């Protein structure tokens with residue numbers, strides 16, 4: 001990419017960082033619940049075991065997903081140009097994500113609403129496949145941000161940018177690897193979360209799975225990080241972040257082995273945070289777009305909202321982000337207990353329907 | 001079909017569908033919170049049974065609202081990217097606020113409420129359902145603020161350098177007169193809808209509890225009296241008579257009264273909203289009435305048409321029932337006020353007159369707006385005319401049924417256990433539900449040809465990079481998925497409605513790590 005002389009204001013920088021923060025919140029939090037959901041059919045051998053898995057994330061997954069929605073809303077408000085070009089450019093991938101989110105969201109709420117095993121199995125697979133699709137598409141998406149999505153000014157409309165790469169250009173080998181890596185990374189993160197939140201058989205199985213998939217995450221993640229630094233590097237900071245990210249994964253793996261589930265979870269969480277920071281560093285200041293063919297660039301300055309809007313939003317974020325963090329943390333505290341099959345109630349016999 | 005038409009159909013389908021779940025969620029959350037509060041205060045377990053029963057229906061419905069809501073937030077950028085870019089500086093902030101203030105609150109505290117029965121002290125647990133309900137209603141404020149800007153774009157200016165609308169006064173965006181009346185109107189419509197659901201479900205159960213299909217008022221009276229005695233002697237756990245009748249009676253009465261109150265509120269707020277609409281969107285008012293020629297203002301008043309048989313194209317209708325002078329009053333507040341007709345407005349607009357000449361954004365963007373070359377300034381008249389009438393008529397019809405329900409419930413009576421009553425109870429919640437849909441269809445289609453009234457034409461807002469094929473794929477995809485989910489959702493709702501009030505047991509707090517949870521997915 002051409003190094004443009006971009007001089008963002010403090011507010012623009014702040015909002016770029018805040019959007020990165022919202023994505024990080026989403027990736028760390030919903031990352032594990034995607035992982036857990038993908039593991040429902042894999043680790044849950046009977047209905048009660050599957051219910052243990054689901055109940056580890058039951059009270060919190062919806063709150064986790066809001067981080068994604070807030071990232072989307074904040075992008076719309078703070079960088080309308082970014083939101084407009086990105087969401088219309090990634091049209092079909094976003095459609096896939098939406099359908100997958102619909103299915104997995106309903107799965108948790110609806111699976112227990114009928115006694116038939118076939119009904120439950122269907123929703124379990126819906127949750128697993130839905131989570132898999134979202135992870136895969138997001139991994140591909142973020143890899144494309146790292147590469148830079150080519151944009152051009154739409155005919156005769158200064159300031160209106162369109163993505164010119166086309167649908168199939170999104171599936172480069174680098175991007176496909178990114179998709180697979182994110183799936184594997186979330187599986188690792190999710191298995192560790194399960195190990196942390198369960199007791200008994202499930203706990204052991206989650207650990208064993210984490211040790212296996214962890215090797216894949218370390219290997220695949222390492223290759224992707226190396227590739228992105230060699231081909232789309234950001235210099236020394238990028239290399240340092242890569243080392244920290246890799247160290248986090250290795251640390252997590254070692255901690256799983258030593259029965260230190262909490263530390264292992266911190267390991268994958270730190271690794272995800274650092275990888276995301278690296279990606280957003282790379283997306284500065286062109287927001288993940290490749291402007292080399294555009295007459296005027298689409299970047300943190302040209303895509304931005306006005307100082308007035310950014311100021312209003314800053315006040316709102318300053319007041320409410322800490323409050324949100326406070327009550328979300330509290331809800332994790334309330335549901336801090338580990339679960340096992342012993343905690344799962346038997347299904348009540350249903351009453352006779354009226355009428 | 002071209003891109004604009006497809007994008008509009010998609011928005012229409014996904015939004016109307018989403019709005020089947022939203023109004024129920026908005027008010028049912030509060031209704032459940034009220035039931036739980038009554039239980040907390042009185043310890044009468046009929047309220048706890050109602051809380052759990054309607055809580056379950058609330059959650060089945062809420063889940064659909066959540067997942068279809070994500071599509072709403074994303075499709076502005078996907079299908080309407082030029083609109084998003086053009087108004088994002090104003091329109092984006094309410095959406096971000098909605099996520100930050102409303103979504104986090106409702107999702108986190110609903111999670112705590114669902115799973116927290118045995119982990120939180122009862123008072124704190126009760127607070128969770130209230131906060132979740134408040135969260136869902138905060139959403140309405142922000143969404144309606146965003147929508148009101150589209151109806152009446154105040155608080156913004158046009159910046160020719162960035163070629164977009166920009167925020168000038170956030171206070172003006174939040175005090176938009178359209179918002180001030182559409183917000184209570186929408187929230188009251190939600191109350192009417194959710195209360196109609198509760199009234200219908202409990203009203204139907206009461207009919208089923210009406211012994212053996214024979215309306216035996218004496219027996220029901222005796223049962224009601226027995227329950228009243230039991231409730232007053234503070235429910236001993238040992239003797240447990242079934243209090244289903246008392247519970248449903250309370251819910252049905254409460255809901256039917258809530259419907260009356262919201263009905264009155266809807267008339268008042270709708271009337272005020274109509275007057276604002278006449279000022280800022282006179283064409284929409286004329287289109288609501290299929291009023292082709294300007295009427296009133298010359299000593300006579302414009303009549304309000306109740307219904308018309310005919311073509312609504314300005315030619316003489318076959319049959320029309322009208323109330324003299326009422327339209328003048330609804331639109332202007334005086335019985336002989338002048339109401340501009342479609343023809344006069346169309347003529348003025350095609351000569352370049354602004355929709356609201358005092359609107360700053362419309363003034364500043366006027367030249368660009370004219371350059372888009374909008375020719376027809378008239379929405380589809382049969383759609384606006386009939387959706388407006390269906391909105392009012394379906395809402396009022398439901399209130400009529402609620403009156404009938406109250407009539408049956410008077411002096412300890414029960415509704416008849418008959419087929420026609422069952423059908424009436426099926427139809428009662430559908431009335432306000434579809435009234436909501438028609439209200440939105442009216443207000444959104446009545447705004448046409450504008451995306452932002454008097455500023456950005458609808459055709460100018462679509463995504464420049466999206467193809468017709470992509471739109472077809474997503475349109476078909478959403479329609480199929482939404483269709484399948486509708487079957488699942490309605491099936492679950494009916495199943496849980498028929499299962500009736502659950503038996504409840506006292507909830508104990510978890511202390512040991514092997515304690516069985518009182519609730520788990």
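The values are calculated or read from the model by the stated rules, or taken from the named source; none is laboratory data. As the structure is a prediction and not an experimental result, all values here were calculated from the model. Using ideal geometry, Cβ is built from the backbone for each residue, glycine included, and neighbour counts are taken over all protein chains shown.
Would you confirm whether or not region B:12-29 contains a residue that is facing chain A (nearest Cβ under 9 Å), surrounded by fewer than 24 Cβ atoms within 10 Å (Cβ to Cβ), more than 21 Å from residue B:188 (Cα to Cα) and in contact (Cβ under 8 Å) with a residue 12 or more places away in the chain?
Within region B:12-29, none of the residues are facing chain A (nearest Cβ under 9 Å), surrounded by fewer than 24 Cβ atoms within 10 Å (Cβ to Cβ), more than 21 Å from residue B:188 (Cα to Cα) and in contact (Cβ under 8 Å) with a residue 12 or more places away in the chain.
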Could you grab me the full set of residues in region B:95-130 that are in contact (Cβ under 8 Å) with a residue 60 or more places away in the chain and at the interface with another protein chain (Cβ under 8 Å from one of its Cβ atoms)? B:114, B:115, B:119
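Which of the residues spanning region B:174-213 are part of a loop (DSSP other than H, G, I, E, B) and at pLDDT 95 or above?
Applying the first criterion (part of a loop (DSSP other than H, G, I, E, B)) to region B:174-213 yields B:175-176, B:210.
Across region B:174-213, the qualifying residues are B:175, B:176.
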For residue B:66, indicate whether it is part of a helix (DSSP H, G or I) and crowded, with 24+ Cβ neighbours inside 10 Å. yes
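Do any helices (runs of 4 or more DSSP H) entirely within region A:164-275 hold 1 or more residues that are closer than 30 Å to residue B:465 by Cα and touching a residue at least 40 places away in the same chain (Cβ under 8 Å), and if so, which?
On the way: elements: A:173-197, A:201-232, A:236-257.
In region A:164-275, the matching helices (runs of 4 or more DSSP H) lie at A:173-197, A:201-232.
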For region A:179-197, check the following and say yes or no: at least one residue is in contact with a strand residue (DSSP E or B) (Cβ under 9 Å, 6 or more places away or on another chain) and crowded, with 16+ Cβ neighbours inside 10 Å. yes
Got at least one residue in region B:346-356 being out of contact with any helix residue (DSSP H, G or I) (no Cβ under 6 Å at 6 or more places or on another chain) and within 30 Å of residue B:202 (Cα to Cα)? no
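With respect to residue B:175, determine if the residue is surrounded by fewer than 19 Cβ atoms within 10 Å (Cβ to Cβ) and away from chain A (no Cβ under 14 Å). If you could, list the steps in order and put the result at the bottom.
Values: surrounded by fewer than 19 Cβ atoms within 10 Å (Cβ to Cβ): yes; away from chain A (no Cβ under 14 Å): yes.
Taking the combined requirement at face value, the residue satisfies it.
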Which one of these does residue B:39 not meet: (1) more than 7 Å from chain A (Cβ to nearest Cβ); (2) surrounded by fewer than 24 Cβ atoms within 10 Å (Cβ to Cβ); (3) over 24 Å from the mean Cα position of the chain (by Cα); (4) touching a residue at least 60 places away in the same chain (Cβ under 8 Å)? (4)
Give me a count of the residues in region A:322-355 that are in a helix (DSSP H, G or I) and more than 7 Å from chain B (Cβ to nearest Cβ). 9
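Surrounded by 23 or more Cβ atoms within 10 Å (Cβ to Cβ), over 25 Å from residue A:176 (Cβ atoms) and either at the interface with chain B (Cβ under 8 Å from one of its Cβ atoms) or under 17 Å from the mean Cα position of the chain (by Cα) (or both): is that true of residue A:142 in this structure?
Numbers: surrounded by 23 or more Cβ atoms within 10 Å (Cβ to Cβ): yes; over 25 Å from residue A:176 (Cβ atoms): no; either at the interface with chain B (Cβ under 8 Å from one of its Cβ atoms) or under 17 Å from the mean Cα position of the chain (by Cα) (or both): yes.
Judged against the criteria, residue A:142 is not a match.
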Evaluate region A:300-316: report whether one residue or more is touching a strand residue (DSSP E or B) at 6+ places or on another chain (Cβ under 7 Å), within 13 Å of chain B (Cβ to nearest Cβ), modelled with pLDDT of 95 or more and in a loop (DSSP other than H, G, I, E, B). yes
Across (1) farther than 20 Å from residue B:453 by Cβ; (2) touching a residue at least 24 places away in the same chain (Cβ under 8 Å), residue B:315 clears everything bar (2)
Determine which single condition residue B:473 fails, assuming it passes every other condition in (1) at the interface with another protein chain (Cβ under 10 Å from one of its Cβ atoms); (2) surrounded by 15 or more Cβ atoms within 10 Å (Cβ to Cβ); (3) over 22 Å from residue B:394 (Cα atoms). (2)
Please specify each residue of region A:60-89 satisfying the condition of being in contact (Cβ under 8 Å) with a residue 60 or more places away in the chain and surrounded by fewer than 24 Cβ atoms within 10 Å (Cβ to Cβ). A:60
So, residue A:98, is that one at the interface with chain B (Cβ under 8 Å from one of its Cβ atoms), more than 29 Å from residue A:290 (Cα to Cα) and either at pLDDT 95 or above or in contact with a strand residue (DSSP E or B) (Cβ under 9 Å, 6 or more places away or on another chain) (or both) or not? no
By residue number, the members of region A:112-127 that are in contact (Cβ under 8 Å) with a residue 12 or more places away in the chain and at the interface with another protein chain (Cβ under 7 Å from one of its Cβ atoms) are A:112
Within region A:43-82, tally of residues that are in a helix (DSSP H, G or I), under 18 Å from the mean Cα position of the chain (by Cα) and facing another protein chain (nearest Cβ under 7 Å): 8
Residue among B:418, B:458 that alone is away from chain A (no Cβ under 11 Å) and surrounded by 17 or more Cβ atoms within 10 Å (Cβ to Cβ): B:458
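So in region B:487-502, with the set limited to residues that are in contact (Cβ under 8 Å) with a residue 40 or more places away in the chain and more than 8 Å from chain A (Cβ to nearest Cβ), which one is farthest from residue A:354 (Cα to Cα)? Break it down stepwise before answering.
So in region B:487-502, the residues in contact (Cβ under 8 Å) with a residue 40 or more places away in the chain come out as B:489, B:492-493, B:496-497, B:500-502.
If we keep only those that are more than 8 Å from chain A (Cβ to nearest Cβ) too, we end up with B:489, B:493, B:497, B:501.
Working: B:489: 19, B:493: 13, B:497: 8, B:501: 10 Å.
Here the residue is B:489.
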